[in-house]
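The values are calculated or read from the model by the stated rules, or taken from the named source; none is laboratory data. From a predicted model like this one, the values you see are computed outputs, not experimental measurements. In this analysis, Cβ positions are derived from the backbone assuming ideal geometry, glycine residues included, and neighbour counts consider all displayed protein chains.
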Amino acid sequence: MAKKVLVLTGSPRQLGNSALLADAFIQGVKAAGHTAQVFETGFHPILPCKACDKCWSQGKPCVFPDEFEKLAPMLEEADVLVFCTPLYWFSMTAQLKAAVDKLYAYMKPNAPQKLKIKECVLLAAAEGNEPDGDYDGLKATYKAIADYLKWTDRGMLLAGGVWDAGEIIKTGKLKEALELGRTL
């Protein structure tokens, strides 16, 4: 059965290493017969959650108007959610984290609909390397999200040792991303 895959990118720069990672992954997803959409959190500002607890009180997930209004319908259709981010201070970017925080609305008892997402993937690029522990915070956050929401982790692809835009092309990580996309 074809899956609907939603890729949330967190990079604030276009054509960066994580964006290339997302593109390769999406190629694999499509080759496997699934559909994929991308939402670039770095270019569609989402306000941080204000913990006002007014989710759905105005018929939408959040009472504060921002780009989450565009993301919400995409989330509601998705079967698989992919987090794709450069590593910033041992975690995901603030832009991506703002989108993740607003998933809270779907956990509320008064949510008119629950997310049907059952699987997730983590893609990340960074100057540092995994053996050095640079990814520990990001991996822990990702695993906690997956566990809390009872999503099946379909894999993590961590591309270390890349900094300059496009540098990831010189590694084998784009091929790995393509293959990971095909496994869905």
I want to confirm something. Restricting to the range 71-81 and keeping residues that are touching an Asp or Glu at 6+ places or on another chain (Cβ under 9 Å) and surrounded by 21 or more Cβ atoms within 10 Å (Cβ to Cβ), which single residue is nearest to PHE39 (Cα to Cα)? LEU81
Give ALA146, ALA177, ALA98 a once-over and let me know the one that is touching a strand residue (DSSP E or B) at 6+ places or on another chain (Cβ under 6 Å), crowded, with 17+ Cβ neighbours inside 10 Å and touching a residue at least 40 places away in the same chain (Cβ under 8 Å). ALA177
Residue selected from the range 1-21 under the condition of a type in the set (A, V, I, L, M, F, W, C) and over 15 Å from THR183 (Cα atoms), by the criterion surrounded by the fewest Cβ atoms within 10 Å (Cβ to Cβ): LEU15
I need the full set of residues from the range 60-111 which are of a type in the set (Val, Ile, Thr) and within 15 Å of LYS50 (Cα to Cα), in order please. VAL63, VAL100
Which members of the range 149-160 meet the condition of being more than 24 Å from LYS102 (Cβ to Cβ) and in a strand (DSSP E or B)? GLY155, LEU157, LEU158, ALA159
Would you confirm whether or not the range 129-138 contains a residue that is surrounded by 18 or more Cβ atoms within 10 Å (Cβ to Cβ) and touching a Lys or Arg at 6+ places or on another chain (Cβ under 7 Å)? no
Those residues of the range 109-126 which are surrounded by 14 or more Cβ atoms within 10 Å (Cβ to Cβ) and either out of contact with any Gly (no Cβ under 7 Å at 6 or more places or on another chain) or among the hydroxyl-bearing types (Ser, Thr, Tyr) (or both) amount to ALA111, LEU115, ILE117, LYS118, GLU119, CYS120, LEU122, LEU123, ALA124, ALA125
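Residue by residue, here is whether (1) of a type in the set (Val, Ile, Thr); (2) over 14 Å from the mean Cα position of the chain (by Cα); (3) at pLDDT below 95 holds:
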| position | (1), (2), (3) |
| --- | --- |
| MET1 | no, yes, yes |
| ILE26 | yes, no, no |
| PRO61 | no, yes, no |
| LYS70 | no, yes, no |
Tally, over the range 87-123, of residues that are assigned to a strand (DSSP E or B) and at pLDDT 95 or above: 5
Only listed residue being among the polar types (S, T, N, Q) and over 25 Å from PRO45 (Cβ atoms), chosen from THR93, THR141, THR152, THR85: THR152
Can you tell me which residues in the range 22-47 are over 20 Å from GLY172 (Cβ atoms) and buried (at least 19 other Cβ atoms within 10 Å of the Cβ)? HIS34, ALA36, PHE39, GLU40, THR41, GLY42, ILE46
Anything in the range 154-172 that is out of contact with any Asp or Glu (no Cβ under 8 Å at 6 or more places or on another chain) and modelled with pLDDT of 95 or more? List them, or say none. GLY155, MET156
Count, please, the residues in the range 161-184 that happen to be farther than 19 Å from TYR88 by Cα, of a type in the set (A, V, I, L, M, F, W, C) and assigned to a loop (DSSP other than H, G, I, E, B). 1
